[in-house]
1. Leaving out ligands, DNA and RNA, what percent of the accessible area of the chain is carbon and sulfur, probe 1.4 Å?
2. Could you work out [θ]222 nm for the chain from helices alone, using -39500 (n - 2.57) per DSSP H run of at least four and dividing by all its residues? Round to the nearest 500 deg cm²/dmol.
3. Write down the Å³ per residue value for the convex hull defined by the alpha carbon atoms of the chain.
4. Against the longest principal axis of the chain, how steep is helix 23-61, in degrees 0 to 90 to the nearest 10, with axes from Cα atoms?
5. Using the alpha-carbon atoms, what tilt in degrees (0 to 90, nearest 10) does helix 2-19 show relative to the longest principal axis of the chain?
6. What length, rounded to one decimal in nm, is gained on full extension from Leu23 through to Ser60, with 0.36 nm per residue of separation minus their alpha-carbon distance?
7. Going 7 Å from the Cα of Ala68 along its beta-carbon direction, which residues of segment 44-59 have the amide nitrogen within less than 15 Å of the resulting point?
Amino acid sequence: MLGKTFSFICITSLICAVLCKKLPELAASVLSGASGAVSLTLSLVGMMGLWNGVMELLSSVGAIDKLA
């Protein structure tokens, strides 16, 4: 259901951009959004790796069992 909704929104925005002759603005905003998504993903992956390492360290010394 979410895929159909997302497809509908993308197709509608493409049609509106073509009809209003604003295709370059649409392309720029798509690239800007993709760039923001990539930078957010990289920062979240870095944080996830850090906390997974901390949890693994705590697990190896037995601190998690004491906290539980």
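1. Details: 4560 of 5930 Å².
Heavy-atom surface of the chain belonging to carbon and sulfur, 1.4 Å probe: 77 percent.
2. Numbers: 3 runs with 62 residues, N = 68.
Calculated from helices alone, the mean residue ellipticity at 222 nm is -31500 deg cm²/dmol.
3. Values: hull volume 7.1 nm³, N = 68.
Hull volume over Cα atoms, normalised by residue count, gives 104 Å³.
4. Roughly 10 degrees, rounded to the nearest 10.
5. Rounded to the nearest ten degrees, it is 40.
6. Values: separation 37, 0.36 × 37 = 13.32 nm, distance 5.51 nm.
Extra length from Leu23 to Ser60 when fully extended: 7.8 nm.
7. Output list for this probe position: 55-59.
The values are calculated or read from the model by the stated rules, or taken from the named source; none is laboratory data. Just so it is clear, the model here is predicted, and its values are computed rather than measured. We place every Cβ from the backbone using ideal geometry, glycine too, and count neighbours over all the protein chains shown. Surface accessibility is based on the protein's heavy atoms, side chains included, excluding ligands, DNA and RNA. Shrake-Rupley method; radii C 1.70, N 1.55, O 1.52, S 1.80 Å.
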